[in-house]
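The values are calculated or read from the model by the stated rules, or taken from the named source; none is laboratory data. Since this is a predicted model, take the numbers as computed values, not measurements. Positions of Cβ are backbone-derived with ideal geometry, glycine not excepted, and every protein chain shown enters the neighbour counts.
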Amino acid sequence: MKLVLSFIITIVLSVIITITITTLLSKDRLGDKLEPDMFRMGEEFIQLYGANGSDEAARFLSNTSFIHFSFIIVDSEYNRRVLGDRGPTLPIDKSVVDNVLRGDRFSTVESEPSNKPKPNIVGIPFIENNQKYALFVQSHPQRQISVIQDVQLIQLISVLFIGIILFAYVSTILIKPIQRLSGAMKKVGKGDYSVQVEHASSDEIGLLTKNFNQMAKELNKIETMRQEFIASVSHEIQSPLTSIKGFSKALKDNIVSEDKKQQYLTIIEKESTRLSQLSSNLLKLASLDAEHHPFHHKTYDLDEQIRHVILALEPQWTEKELEIELDLERVRIEGDEELLEQVWLNLLSNSIKYTHQSGTIEVSMASMKEGVTVSVKDTGIGIDEEDQKYIFESFYTVDKSRSLKSNGLGLAISKKIVNLHEGSISVESRINKGSTFTVFLPDKKSQST
């Protein structure tokens, strides 16, 4: 309703402004043409004067003109005769009559038109049957005013009527996609992120619909990731809890041998550690998301830190007989040592986990004026191009089957830590060809020796 009222108000204001401007322009043109037209009308009347039916001729000339005229004839005795329009005539001074009778022309037409049309008079001398006469042509603008007002009124009504019809038709075309969008938004608000709205146009509404569809797809992807994360975390929690519960019951019932007791206790300890690690990752992710995680700057040797992480992971990569190749410059950098250690631990753990037996992992580092770049390259299973868009999102796991245990938090935590250092992390990967993760840390205090 507001749209319709706005349209009507806009049309009315446009018409009023247009009429005002055109009226002012027409007044200027009328003022320029009125005087010569009145003189021409008087000269045509003089040619007809004296013939039979001159009064009818005067009426014809008056009625065929846009402005009605009266033709006033005054002789040397000041006798007046009015022909043509019988409207009220203006008084004419005797001195004016004398001047016209002597051969002068007379005009009251103003060069600058007034705001309100008014009667004007022009005087023309002529001789008929050897007798001098003064012909005064007087305009009657009432008809002009009436005609202009009628035309403007018809224009206004026509514009409104046609405009409303056209707007009603166009609005149905415009409103339908908006209504579809509104309905789709309500569905999204209720949690249905699978909704998509059809669009064929490339205008603003089409672009809005396209962006909405893209937003819905992203929300649907995030919702799917969230559900998968919940399922993954539930599995990660339930699995060790089941083991702990079963082995604890067996120990409580004292139905196992002493050798088995030690084995069960070791399993219970290992599963408890898994739960602790999962809980720690979830808390760390929540802390980084809320940007409340403490950030401790210190200057330290980055290359030594990476070597320490590789040594800490030695049992895992030696078990798979992986070859580790290092190309590390000695670099000192300012950052949070504990957080960045988590980044290298996550990246290297992933490379070890997803690299085939007897594969290769290359770790390189290079310093530059802007900062330092660390790359971790493996010959593992690789990551699908579609998955690469989301691997740094929370809850996302590439291995949907959970054949390799992962809760999809490591890379999300790594990205947030790198972002805290105002750096960047990226990946290049091909299926069955391996992956390369690159971390750039801007640091004006980084030094290479």
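Taking the stretch 231-269 on its own, how many of its residues are in contact (Cβ under 8 Å) with a residue 24 or more places away in the chain and not polar (S, T, N, Q)? Number of matching residues: 9.
Here Glu204, Glu218, Glu198, Glu228 are screened, and the one residue that is over 25 Å from the mean Cα position of the chain (by Cα) and among the acidic types (Asp, Glu) is Glu228.
Here the condition is being under 23 Å from Ser182 (Cα atoms) and modelled with pLDDT of 75 or more; of Lys217, Lys261, Lys252, it holds for Lys217 alone.
Selection of first residues in the stretch 417-433 that are polar (S, T, N, Q) and of second residues that are in a loop (DSSP other than H, G, I, E, B), restricted to Cβ pairs under 7 Å at least 6 apart or on distinct chains, gives the following pairs, ordered by first then second residue: Ser429/Gly382; Ser429/Ile383; Asn432/Ile381; Asn432/Gly382.
Restricting attention to the stretch 50-87, the residues that are touching a strand residue (DSSP E or B) at 6+ places or on another chain (Cβ under 8 Å), surrounded by fewer than 18 Cβ atoms within 10 Å (Cβ to Cβ) and modelled with pLDDT of 65 or more add up to 6. Among the residues of the stretch 382-420, those identified as at pLDDT 80 or above, of a type in the set (D, E, K, R) and out of contact with any helix residue (DSSP H, G or I) (no Cβ under 6 Å at 6 or more places or on another chain) are Asp384, Glu385, Glu386, Asp387, Lys389, Lys415. The set of residues in the stretch 154-164 being under 17 Å from Ile9 (Cβ atoms) and free of Cβ contacts under 8 Å to residues at least 24 places away in the same chain consists of Ile157, Phe161, Ile162. Whether a residue is surrounded by fewer than 18 Cβ atoms within 10 Å (Cβ to Cβ) and at pLDDT 90 or above was assessed, and Thr379 does not pass this test. Only one residue in Leu311, Leu265 is part of a helix (DSSP H, G or I) and more than 56 Å from the chain's Cα centre (by Cα), so which one is that? Answer to the check: Leu265. When the stretch 349-373 is limited to residues that are part of a strand (DSSP E or B) and more than 39 Å from the chain's Cα centre (by Cα), the one that is farthest from Ile310 (Cα to Cα) turns out to be Ser367.
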